[in-house]
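Each reported figure results from applying straightforward, stated rules to the coordinates on display, with no laboratory input. Because the structure is a prediction, the values reported are computed rather than measured. Every residue, glycine as well, gets a Cβ built from its backbone with ideal geometry; the counts of neighbours run over all protein chains shown.
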Amino acid sequence: MAEVLLSVRNLRVDLPGPGGPLPALRGIDFEIARGGTLGLVGESGSGKSMTALALMGLLPEGAKLSGSIRFEGRELVGLPESALCDLRGNRIAMTFQEPMTALNPVQPIGRQVAESMMLHRGFSRAVAEDEAVRLLDRVGLPDPRRRLASYPYQLSGGQRQRVMIALALGCAPALLIADEPTTALDATIQGQVLALLRELVEERGMALLLISHDLNAVAAAATDVAVMYGGAIVERGPATSVFRAPAHPYAKGLIAALPALEPERLAGAPRARLQAIPGSVPDLAGFGPGCTFADRCAWVIGACRAAPPPLVPVSPGHSAACIRLGDLS
Amino acid sequence: MSVFLAKRLATMVATLLFSSLVVFLVLEILPGDPAQVLLGVDGTPEQLAVLREKMGLNAPAAARYFSWIGNMLTGDFGTSYAYGVPVWSLLEERLALTVPLALVAMAMTALFGLVLGVWAAARHNRPGDLAIMGISQLGISIPNFWFALMLILLFAVKLGWFSAGGFPGWEDGVGEGLKALLLPALALATVQAAILARITRSSVIDVLQEDFVRTARAKGLGRRAVLWRHALRNALIPVITVMGLQFAELLVGAIVVEQVFTLPGMGRLVFQSIANRDLQVVKGIVILLAFMVVAVNFAVDLLYALIDPRLKASDV
């Protein structure tokens, strides 16, 4: 296996709540190799974005962070703000879900893309904007030199997401966190943006943490997958293995809920009923001490609610956090 | 951009025309005959009739309205009944006091309001923020005429740093004139600065929650750099709207504060003219005030377009 770039151990985030701290992340573990792509999937509220913000050191005010984040051999938990500022946008960069609101509406995009290079590389504005033209060209924005003076509202959703990616690439980060990069986009554009991310990972040797609730997006781009539910990772492993043979009841449900374009259905065969996971994600205060999925799980037994289940291996590199794995298969 | 400008200019002209009509009609139905006031109680009906003819009061209302508008366009605001001099010469004199007074007060409002508002927002819910909010609540609650009296008591009577009232004019130099306007401007600006500080604070706090602020932080910018480089310009959009409205408030407030400081400004003139039924002067003042308010709003619209590129686009 390639050198480990990012190693997260027992990462916990507690958010301040009216009745005491609420666990948003319940001690998660994962790793990303240099140049690797980890897809983080789960419903909204499962803790995917919280994981990203914890890695960036941009948790909401009052949030408590514990555990360990080792990045390029350096511990990030407890690092002072100034050191985190040096890393952000430089070694670790992030793109955000809604590129309309994630870009400053009153600043031309050229300046926004150039800014991180001026900050971390000490480039002059002219040099940084030349570099911005190259990046915008690379991410496929047409006529990038002229586009430097454009404002976000003058671009389409797909173009804005490309600008977000160019903005994140400025200082050639070792890790790119892409939070729902395709969610706000049309289906055809989604494929283009995913293809672009894959190309960039390949040509730059950059690692990618791809956060999405869209399993198809993750399946298309990720080498490894971690499935989150209720602030915990319930299953993780190589993408092919997890998608082909999901082990955890939640992951099984998630993958079964995917509408597939099967040839026989297109040919006019009767439609299979779409499967849904009953219930919805409870809010943070609604989880007991045991398995977070217990309340929605068809296989739940008393022991599930007693203690959080550990991740146990199901095949090489593939593990799931369920005490009933043996009974399920 | 030119379409945006043209639209705004047209709105400005329409507003002025409408307000001139309102002013004219209100004074038309107001009881009291200016000729009678001028003549006094001893005048005979014959004398009154002659005077009314001379003052042009017998012409139909529509004719008088249009000749009034037409004359104003050439810079002729009519003649004061009470003083017998052109209205414009009276206005000019008073404007030289009231406009600088309102401008100084506006500058103070902007300075204190913006600085304190941004400072408080950067310390959201911490002691500095709470202190500023407490002080501004106090500032909003103080009536400006009372505060003016307190300022006179402290700075003029007790400390003797300023004179208690009056205005030396601009002949002795700008410094002396400004010094005389400082306390009145402070009295005027306190409430508005307090309001502006609160609005600036909440606007900056709102903007700091926006996604693009998180993007800026994700680039590695520190909190302060994000505030100055990204948040402030976005936060200014609602703030500037309020500042435009505040300028109108300051002009109106000046009328009261000028009384307290015995300043010979527009406020004094408008009081006297209403008491004397000196309608030409009253109409001139109101139109002038309306013009200033509309002009400031026009300037605000231009500032919007400079700050927010989207507004320019949506209007063109």
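Computed quantities for the displayed model
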quantity: Kirkwood-based shape ratio for the range B:1-148, expressed as Rg/Rh from alpha carbons; calculated: 1.17
quantity: Of B:Met292, B:Ala235, B:Pro168, farthest towards positive along the dipole that unit charges on Lys, Arg, Asp, Glu beta carbons give the range B:93-315; calculated: B:Ala235
quantity: Within a Gaussian network of chain A (alpha carbon springs, distance under 10 Å), most fluctuating of A:Gly39, A:Gly230, A:Gly73; calculated: A:Gly73
quantity: Computed [θ] at 222 nm, deg cm²/dmol, chain B (DSSP H ≥ 4; -39,500 (n - 2.57); rounded to nearest 500); calculated: -25500 deg cm²/dmol
quantity: Full-stretch length increase - A:Ala307, A:Val77 - with 0.36 nm per residue and alpha-carbon distance subtracted; calculated: 80.2 nm
quantity: Spacing of the two label points (7 Å from each Cα toward its C-beta) at B:Trp119 and B:Ala275, in nm; calculated: 4.2 nm
quantity: Label-point separation, A:Ser124 to B:Ala62 (7 Å along Cα→Cβ), nm; calculated: 6.9 nm
quantity: Lys, Arg +1 and Asp, Glu -1 on Cβ, resulting dipole of the range B:93-315 about Cα centre, debye, nearest 20; calculated: 880 debye
quantity: Rounded to 10°, Cα long-axis angle of helix B:45-54 versus longest principal axis of chain B; calculated: 50 degrees
quantity: Within straight-line cross-link reach of B:Lys158, lysines at Cα separation under 25 Å, skipping those fewer than 8 residues along the same chain; calculated: B:Lys179
quantity: Anchor A:Lys48: lysines whose Cα lies under 19 Å away (excluding residues fewer than 8 positions away in-chain); calculated: A:Lys64, A:Lys252
quantity: Intensity falloff of the range A:73-125 expressed as log10 I(q)/I(0), Debye formula with alpha-carbon point scatterers, at q = 0.13, 0.20, 0.32 Å⁻¹; calculated: -0.42, -0.86, -1.22
quantity: Peptide-level mean, for A:103-111, of C-beta atoms on other protein chains within 10 Å; calculated: 5
quantity: Diffusion coefficient, µm² s⁻¹, Stokes-Einstein with Kirkwood Rh over alpha-carbon pairs of the range A:3-159 at 25 °C and 0.890 mPa s; calculated: 138 µm²/s
quantity: Acute angle (nearest 10 degrees) that the helix B:174-208 long axis makes with the longest principal axis of chain B, alpha-carbon atoms; calculated: 50 degrees
quantity: Förster-model FRET efficiency, 60 Å R0, B:Leu306 and A:Arg244, C-beta, rounded to 0.05; calculated: 0.55
quantity: The range B:2-73: mean projected area of Cα convex hull, nm²; calculated: 5.8 nm²
quantity: Charge dipole (chain A, unit charges on Cβ, about Cα centre) - positive-most of A:Tyr151, A:Gly17, A:Ser116; calculated: A:Gly17
quantity: Gained length - A:Ser280 relative to A:Ala298, 0.36 nm times residue gap less alpha-carbon distance; calculated: 5.1 nm
quantity: Hydrodynamic radius of the protein assembly as shown per Kirkwood, over alpha carbon pairs, in Å; calculated: 30.1 Å
quantity: For A:Ile177, residues with placed amide H under 5 Å, excluding near neighbours; calculated: A:Ala93, A:Met94, A:Thr95, A:Leu209
quantity: Computed P(r) (all Cα pairs; chain B; 20 Å bins; percent); calculated: 26, 49, 22, 3, 0
quantity: Selected from B:Lys283, B:Lys219, B:Lys179 as most flexible by GNM, with chain B as the system and alpha-carbon contacts under 10 Å; calculated: B:Lys219
quantity: Whole-Å distance, taken between Cα centres, linking the range B:228-247 and the range B:11-49; calculated: 41 Å
quantity: Sequence of B:Val204, A:Val242 once ranked by neighbouring C-beta atoms within 10 Å, starting from the fewest; calculated: B:Val204, A:Val242
quantity: Most fluctuating residue given options B:Phe77, B:Phe112, B:Phe18, as computed from a GNM of chain B linking Cα atoms under 10 Å; calculated: B:Phe18
quantity: Charge dipole magnitude, Cβ of K and R +1, D and E -1 - the protein assembly as shown, Cα centre, debye nearest 20; calculated: 1320 debye
quantity: Paired Rg and Dmax values of chain A, which use every Cα atom, in angstrom; calculated: 20.7, 65
quantity: Principal-axis tilt of helix B:127-141 within chain B, Cα atoms, nearest 10 degrees; calculated: 10 degrees
quantity: Charged-residue dipole, Cβ positions (Lys, Arg, Asp, Glu), the range A:122-202 about Cα centre, Debye nearest 20; calculated: 240 debye
quantity: Those lysines that a straight Cα-Cα span of less than 29 Å connects to B:Lys7, excepting residues fewer than 8 apart in one chain; calculated: B:Lys283, B:Lys312
